[in-house]
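Working notes for the structure below.
The values are calculated or read from the model by the stated rules, or taken from the named source; none is laboratory data. None of the values given here were measured: they were computed from a predicted structure. Glycine also receives a Cβ, built like all others from the backbone with ideal geometry; neighbour counts cover every protein chain displayed. Only protein heavy atoms, including side chains, enter the accessible area calculation; ligands, DNA and RNA are left aside. Shrake-Rupley method; radii C 1.70, N 1.55, O 1.52, S 1.80 Å.
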Amino acid sequence: MLKPFLNLIFPKICLGCQVEGTYLCADCQAILEVSDFHKKERFGALDDLYFPVLYQHPLIKKLIWAFKYEGVKELAFDLANLILAHFQLLEKKPLFLKNPQDYLILPIPLTKERLKRRGFNQSAELAKVLAESLKIPLETEVLLKTKETFPQAILSEKEREENVKGVFAVEQKEKIFQKKILLVDDIFTTGATMKEAAKKLKEVGAKKVIGIVVARAKVGEDK
């Protein structure tokens with residue numbers, strides 16, 4: 001009930017061109033050049049990775065920063081739509097589009113302390129939009145983060161791997177056993193977080209783990 005009133009006081013402004021009405025207008029979305037190409041890559045226990053855009057684009061940096069650190073929760077819809085557009089543009093469609101019943105969507109979790117500070121888990125918000133659009137079941141309480149870590153962006157590649165070692169746990173392991181998992185996060189840089197989460201999921205019986213993120217970055221770009 002309050003939403004129309006709040007929109008009058010705090011109107012949505014496109015983070016690209018400042019036009020009112022949306023955080024990402026159609027014109028600015030068009031300049032992001034969503035990829036129509038996918039090359040299968042394996043990263044440790046992570047069997048593959050899908051991403052629509054590169055993090056080096058200034059607008060992508062601005063969108064993810066606002067979403068992740070400024071509390072603009074509604075950006076989940078715009079950013080998830082970039083991922084969905086990527087899937088539709090691919091000549092060879094991912095198997096999870098054809099057989100959604102064979103998959104399960106999990107977000108990279110936050111610790112309870114960080115979730116309380118931030119107000120929401122950006123990965124979970126992306127996962128909710130993807131799960132609804134792809135008709136794939138979503139589980140947000142299965143993969144847990146049990147230890148607080150330093151922000152990955154301030155660390156070197158080796159430090160990132162050490163930072164996330166042993167920080168994930170799995171509850172209700174029967175939900176994971178022999179399942180194909182779509183693991184959702186916002187950015188993929190070295191892959192340390194996703195690789196560690198995928199490793200834990202494989203340990204409890206996951207059949208396959210595929211990463212899905214908004215953007216791929218190089219070390220140093222995500223600072």
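DSSP loop (so not H, G, I, E, B), at most 15 other Cβ within 10 Å: list which trypsin sites (Lys or Arg not before Pro) in region 42-77 pass both filters.
Taking region 42-77 and a limit of 15 other Cβ atoms within 10 Å, the loop trypsin sites (Lys or Arg not before Pro) found are R42, K73.
If the limit is 31 Å between Cα atoms, which of K39/K112; K158/K180; K61/K175; K61/K179; K62/K158; K173/K223 go over it?
Numbers: K39/K112 35 Å; K158/K180 28 Å; K61/K175 35 Å; K61/K179 33 Å; K62/K158 27 Å; K173/K223 35 Å.
Correct reply: K39/K112; K61/K175; K61/K179; K173/K223.
Using θ = phi - 60° and the Karplus form 6.51 cos²θ - 1.76 cosθ + 1.60, what ³J(HN,Hα) does each residue of region 210-223 get, whole Hz, x for Gly and Pro?
10, x, 9, 9, 6, 9, 10, 10, 9, 4, x, 6, 8, 6
Using the charge dipole of the chain (Lys, Arg: +1 at Cβ; Asp, Glu: -1 at Cβ; taken about the Cα centre), state which of L63, I13, M194 has its Cα farthest towards the positive end.
In the chain, that residue is M194.
Averaged per residue, what accessible surface does region 84-150 expose to a 1.4 Å probe, in Å²?
Details: 3640 Å² over 67 residues.
With the other protein chains kept in place, region 84-150 gives 54 Å² per residue.
Anyone know which of Q122, Q101, Q29 comes out most mobile in the 10 Å Cα GNM of the chain?
So, out of Q122, Q101, Q29, the one fluctuating most is Q101.
To the nearest 10 degrees, how steeply does helix 75-89 sit against the main Cα axis of the chain, on a 0 to 90 scale?
The angle comes out near 70 degrees.
Need the full-extension length gain, I154 to R117, defined as separation in residues times 0.36 nm minus the C-alpha distance. One decimal, nm.
11.4 nm
Report the label-to-label distance for F77 and E20 in nanometres (one decimal), using points 7 Å from each Cα along the Cα→Cβ vector.
Simple spin-label model gives 1.8 nm for this pair.
First measure r as the distance between the Cβ atoms of L54 and E203, then evaluate 1/(1 + (r/R0)^6) with R0 = 41 Å and state the FRET efficiency to the nearest 0.05.
Once rounded, the FRET efficiency stands at 0.85.
Size of region 163-203 along its principal axes in angstrom, Cα-based, largest extent first?
30, 20, 13
Using θ = phi - 60° and the Karplus curve 6.51 cos²θ - 1.76 cosθ + 1.60, what whole-Hz ³J(HN,Hα) does each residue of region 104-112 get, with Gly and Pro shown as x?
Values per residue, Gly and Pro as x: 9, 9, 10, x, 5, x, 10, 5, 4 Hz.
Carbon and sulfur: what percent of region 173-223's accessible surface (1.4 Å probe)?
46 percent
Could I have the simple spin-label model distance between I31 and K62, label points 7 Å from Cα toward Cβ, reported in nm to one decimal?
0.8 nm
Tell me, for the chain, which Cys residues have no other cysteine's C-beta sitting closer than 4.7 Å.
C17, C28
Could you state the per residue volume, in Å³, of the convex hull enclosing the Cα atoms of the chain?
Taking only Cα atoms, the chain has a hull volume of 129 Å³ per residue.
For region 39-131, which whole percent of the accessible surface, found with a 1.4 angstrom probe, sits on carbon and sulfur atoms?
That fraction is 54 percent.
What number, rounded to the nearest 500 deg cm²/dmol, is the helix-based mean residue ellipticity at 222 nm of the chain, given -39500 (n - 2.57) per DSSP H run of at least four residues and division by all its residues?
After summing the helix terms and dividing by the residues of the chain, the value is -10500 deg cm²/dmol.
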